[in-house]
1. What are the pairs, 6+ residues apart or on separate chains, where a residue within region 285-308 that is among the polar types (S, T, N, Q) has its Cβ under 8 Å from a residue that is in a strand (DSSP E or B) and away from the ligand (no atom under 11 Å from the Cβ)?
2. Give all pairs with beta carbons closer than 6 Å in which a residue from region 128-152 that is without any contact (Cβ under 8 Å) to a residue 40 or more places away in the chain meets a residue that is within 15 Å of the ligand (Cβ to nearest atom) and hydrophobic (A, V, I, L, M, F, W, C); count only pairs at least 6 apart in sequence or on separate chains.
3. Just to be sure before I move on: is VAL444 open to solvent by 40 Å² or more (accessible area, probe 1.4 Å), part of a loop (DSSP other than H, G, I, E, B) and within 21 Å of ARG361 (Cα to Cα) in the structure I sent?
4. Given the options LEU339, LEU314, LEU260, name the one that is of a type outside the set (Val, Ile, Thr) and open to solvent by less than 10 Å² (accessible area, probe 1.4 Å).
5. Sort out for me the strands (runs of 3 or more DSSP E) sitting completely within region 101-216 that have 3 or more residues that are away from the ligand (no atom under 16 Å from the Cβ), closer than 23 Å to GLY241 by Cα and outside the structural domain of LEU309 (by TED's automatic domain parsing).
6. Any idea how many residues of region 217-228 are part of a helix (DSSP H, G or I) and either open to solvent by 30 Å² or more (accessible area, probe 1.4 Å) or within 16 Å of the ligand (Cβ to nearest atom) (or both)?
7. Report yes if some residue within region 298-309 is assigned to a loop (DSSP other than H, G, I, E, B) and surrounded by 24 or more Cβ atoms within 10 Å (Cβ to Cβ); otherwise report no.
8. Residue under question is SER84, and the condition is that it be open to solvent by less than 20 Å² (accessible area, probe 1.4 Å), touching a residue at least 40 places away in the same chain (Cβ under 8 Å) and in contact with a Lys or Arg (Cβ under 9 Å, 6 or more places away or on another chain); does it hold?
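The values are calculated or read from the model by the stated rules, or taken from the named source; none is laboratory data. Keep in mind that what you see is a predicted model, and the values were worked out from it rather than measured. Cβ atoms come from the backbone with ideal geometry, glycine included; neighbour counts cover every protein chain shown. Surface areas here come from the heavy atoms of the whole protein model, side chains and all, with no ligands, DNA or RNA. Shrake-Rupley method; radii C 1.70, N 1.55, O 1.52, S 1.80 Å.
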Amino acid sequence: MGAIAEDGQPVYALCELSVYRIRHLHVVVSITTMKTIIEPFKIKSVEPIKFATAEQREQVLRRGGYNLFAIPAEDVLIDLLTDSGTNAMSADQWAGVMRGDESYAGARSFYRFQDKVRELTGLKHIIPTHQGRASERILFSILGGHGKHIPNNAHFDTTRANIEFSGAEADDLPTAEGIDPDVIADFKGNMNTDALRAYIAKVGVANIPLCMITVTNNSQGGQPVSMANIRETSKICREHGIPFFIDACRFAENAYFIKLREPGYADRSVKSIVQEMFSYADGCTMSAKKDAIVNIGGFIAINDDNLALKARNLLVITEGFPTYGGLAGRDLEAIAIGLEEVLDEHYLQYRIRSTAYLGERISAAGVPIMQPPGGHAIYINAKKFLPHIPPEQFPGQALAIEFFRHAGIRSCEIGSVMFSRYDASGKFIPAPMELVRLAIPRRVYTQSHIDYVIEAIIEVYQNRDKIPGYRIVEEPPMLRHFTAKFEPIVK
Ligand SMILES: *Cc1c(COP(=O)(O)O)cnc(C)c1O
């Protein structure tokens, strides 16, 4: 017991400035009575980071066309571009890498992987892939196509791109509170189930090959989805005979939020919460680069025998034989171990609390963030941070560039660079939100790294009126945020 005061107010010393009250949680399991939550690991191997001068950083930016995806990682001091594949593996996982069985067919590592995924998801067919988008490509090559519509609480960018590439439509059905960055609510990642019912009535069951729900909701702030919402979405799908899939990338972080915030789950183990989440699904796609705490990997898990057969046929011609997908045996071994480690509640407590710490500190200094802090990342509201930069001059991109210019911090724009469109007449349609995501790699940075980030962001905030907008000078037709080139708009 510990860490929560009588009135339910968290007293984590990691952050005195709690803006979020944990309302439902009365018991926190803690090994000590100390208030400080520490990184639940010690460091066995270190990787030096390179310090650069302001002039060097300016040069790096220019050379990369002001696209943070185009700059060498070596020139980044603190890399918060993504939490995808940037995880630090444990000593146990590295030992697993040595134990990996590299047999072409039926490797021991595959069976370990399959058993672990089955134990957590309860799903029948476990199909390894090289990463999440490979799972998506296979799934939507089979189920997508012209005239099809696929709803989600909010599609992630690769999910949307793979659906659209198949010719189908990807539709987001968020709740009203989910898209309001200022509202503080427990489960802002939820599917809008009223909108889902209306959507099914409008589009027609025959045109909806599957319905997805993304946990946590990455495109909308890493916000969690409640068990009640997963259950309700599943029920609606079952009523109409629509297969229900979970985009499971951050299943453990989502489960921990359920434990913290949803009545009835405080005393349940995270593993049992995870198992309940998946019990409502007919299948899932997963990027192991997130909550399997590895550097590469993914899978599809499905119950439908016929769909599994088709998926394995596609897998063989693009990813590899069904017992390795696009992975080495050692990768499968590391995933199996990571899927167990991620359920450790001391790890999850540190993970969720340390992300919130960053959010709360910058928010207390006036920096507008998406409230409340999400699981894997803090999303800064660039529209509010830079009110003098209109969406067509990419305020999110401008802000991400400025964090790098000022302090060598790499973040990721999630706004009009990623999601804006042009209508038939060539008019610019901005993204609904202009966000900059500070994604936290798992087990990589310590609290003092994060304190440095906090200090830098507050300094940029204090000088925000001097930040220029940007224009695109070169762009590809799809997923342009990866390769577009920009230049500052100098007045
Ligand atoms: C990362 C991610 C994906 C895609 O996975 P990759 O491994 O990057 O291909 C899909 N959905 C969500 C929610 C993600 O966060």
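1. Sorted first by the residue in region 285-308, then by its partner, the pairs are THR285/PHE245; THR285/ILE300; ASN303/HIS125; ASN303/GLY283.
2. PHE140/ILE163
3. Details: open to solvent by 40 Å² or more (accessible area, probe 1.4 Å): yes; part of a loop (DSSP other than H, G, I, E, B): yes; within 21 Å of ARG361 (Cα to Cα): yes.
So VAL444 fits the description; yes.
4. Working: LEU314 fails: open to solvent by less than 10 Å² (accessible area, probe 1.4 Å); LEU260 fails: open to solvent by less than 10 Å² (accessible area, probe 1.4 Å).
Answer to the check: LEU339.
5. Details: elements: 125-129, 149-152, 169-172, 211-214.
Counting at least 3 such residues, we get no strands (runs of 3 or more DSSP E) at all.
6. Residues of region 217-228 part of a helix (DSSP H, G or I): 218-220, 227-228.
Restricting the remaining residues to those that are either open to solvent by 30 Å² or more (accessible area, probe 1.4 Å) or within 16 Å of the ligand (Cβ to nearest atom) (or both) gives 218-220, 228.
Result for region 217-228: 4.
7. In the first step, residues of region 298-309 are kept if they are assigned to a loop (DSSP other than H, G, I, E, B); the result is 303-304.
Now narrow it down to the ones that are surrounded by 24 or more Cβ atoms within 10 Å (Cβ to Cβ): none.
Within region 298-309 (the criterion being assigned to a loop (DSSP other than H, G, I, E, B) and surrounded by 24 or more Cβ atoms within 10 Å (Cβ to Cβ)), the answer is no, since none of the residues qualifies.
8. On the way: open to solvent by less than 20 Å² (accessible area, probe 1.4 Å): no; touching a residue at least 40 places away in the same chain (Cβ under 8 Å): yes; in contact with a Lys or Arg (Cβ under 9 Å, 6 or more places away or on another chain): yes.
The answer is no for SER84.
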